[in-house]
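Undergrad: Quick one: the structure is below, questions incoming.
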Amino acid sequence: MALAAETAGTGVLVSEESARSPSAVSWPAVIAGAVGAVAITLLLVALGSGIGLSSVSPWTAVNPSATTFTLLAAVWLIIVQWLSSATGGYIAGRLRTKWAGVHTDEVFFRDTVHGFLAWALASLLVAAFATSSISSAVSSAGRAISRVAGGAASTATQAASGQASGTDGYFLDTLFRKDQPDANAAPPPEARGEASRILARSVANGNLDPGDRTYLAKLVAARTGISQQDAEKRIDDTVAQMKAAEDKAKQTADAARKASAQASFYLFFSMLVGAFIASTAGAVGGRQRDL
């Protein structure tokens, strides 16, 4: 009978506990904390954007370096995560319902989870509704790298097939070359098209074939009236400029890739800090709730 009474007493205790705290998660408190975190995030991002735009000017060369600007942006991103996550986590912990008959360790765990859930929900809302400069940078870098990677192959293909100018292409041009081009042999558009294919192929291959260089110099000399030596120098300068432009495009794409990688690491670290701060703030808010 004593065992039955004890069992009955335990059942009453469990029933009372279930009635007082039907769920381990207080979603209204979590949603309130997430809304507060999103609001603080938008507020601080707007402030940071204003500070950043006011610190640089397109009309002067005295601006912070790219490294300094990126580092300051990373620090500000961490501050945004710190303040918004602390606010959201504290609100979620402070506004949750009181759990009756629950061990203090379990209460601490639940408060921590409430702070974490508020941070997670706020992160999802920001990712879904706010404009993400990180994703924009990553996509821009991807497009730039794809263009540079496919540029050489497409240029070589077009030069070989003649798709760019609608003629028979580079390899067919070589079949009908004359040892000494005549000034009146072909109209200027055809001459420019052939020269374009020769230069495009040289850039794709990394160097200008000596035979192509000699023929192109003769073609330029016949069309312009300059000497063979001056024509060769003009060709070398043009090839150098084309290679420099291609190298600059590659450097720009690589810089965008590195910036995107750094931004991804900074975003990961700041979000990790935000998750920890939100969880801690949820525990602090829950403890003050039960005082």
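Undergrad: Of Lys243, Lys258, which residue is more than 30 Å from Leu77 (Cα to Cα), at pLDDT below 85 and outside the structural domain of Leu95 (by TED's automatic domain parsing)?
TA: Lys243
Undergrad: With the requirement that a residue be touching a Ser or Thr at 6+ places or on another chain (Cβ under 6 Å) and of a type in the set (A, V, I, L, M, F, W, C), what does the range 37-51 give you?
TA: Ala37, Ile40, listed by residue number.
Undergrad: Still on this structure, I have one more. Any idea which of Ile277, Ile235 is surrounded by 13 or more Cβ atoms within 10 Å (Cβ to Cβ) and within 30 Å of Leu83 (Cα to Cα)? Talk me through it step by step, then tell me what you get.
TA: On the way: Ile235 fails: within 30 Å of Leu83 (Cα to Cα).
Answer to the selection: Ile277.
Undergrad: Pick from the range 213-236 the residues that are assigned to a helix (DSSP H, G or I) and over 15 Å from Ile198 (Cβ atoms): which of them is modelled with the lowest pLDDT?
TA: If we take residues in the range 213-236 being assigned to a helix (DSSP H, G or I) and over 15 Å from Ile198 (Cβ atoms), then Thr224 is modelled with the lowest pLDDT.
Undergrad: Looking at the structure I just gave you, is Val203 out of contact with any Pro (no Cβ under 8 Å at 6 or more places or on another chain), at pLDDT 80 or above and on the phi < 0 side of the Ramachandran plot?
TA: For Val203, the condition - out of contact with any Pro (no Cβ under 8 Å at 6 or more places or on another chain), at pLDDT 80 or above and on the phi < 0 side of the Ramachandran plot - is not met.
Undergrad: Taking the options Ala4, Ala74, Ala37, Ala29, name whichever one is exposed (fewer than 10 other Cβ atoms within 10 Å of the Cβ) and either more than 24 Å from the chain's Cα centre (by Cα) or at pLDDT 65 or above (or both).
TA: Ala4
Undergrad: Please find, within the range 184-200, the residue that is nearest to Asp247 (Cα to Cα) out of those that are assigned to a helix (DSSP H, G or I) and at pLDDT below 75. Spell out how you get there, then give the answer.
TA: Within the range 184-200, the subset assigned to a helix (DSSP H, G or I) is 188-200.
Remaining after also requiring at pLDDT below 75: 188-192.
On the way: Pro188: 30, Pro189: 28, Glu190: 28, Ala191: 27, Arg192: 24 Å.
Looking at the filtered set, the residue picked out is Arg192.
The values are calculated or read from the model by the stated rules, or taken from the named source; none is laboratory data. All of these numbers come straight from a predicted model, not from anything done at the bench. Counting neighbours? That spans all protein chains shown, and the Cβs are built from the backbone with ideal geometry, glycine included.
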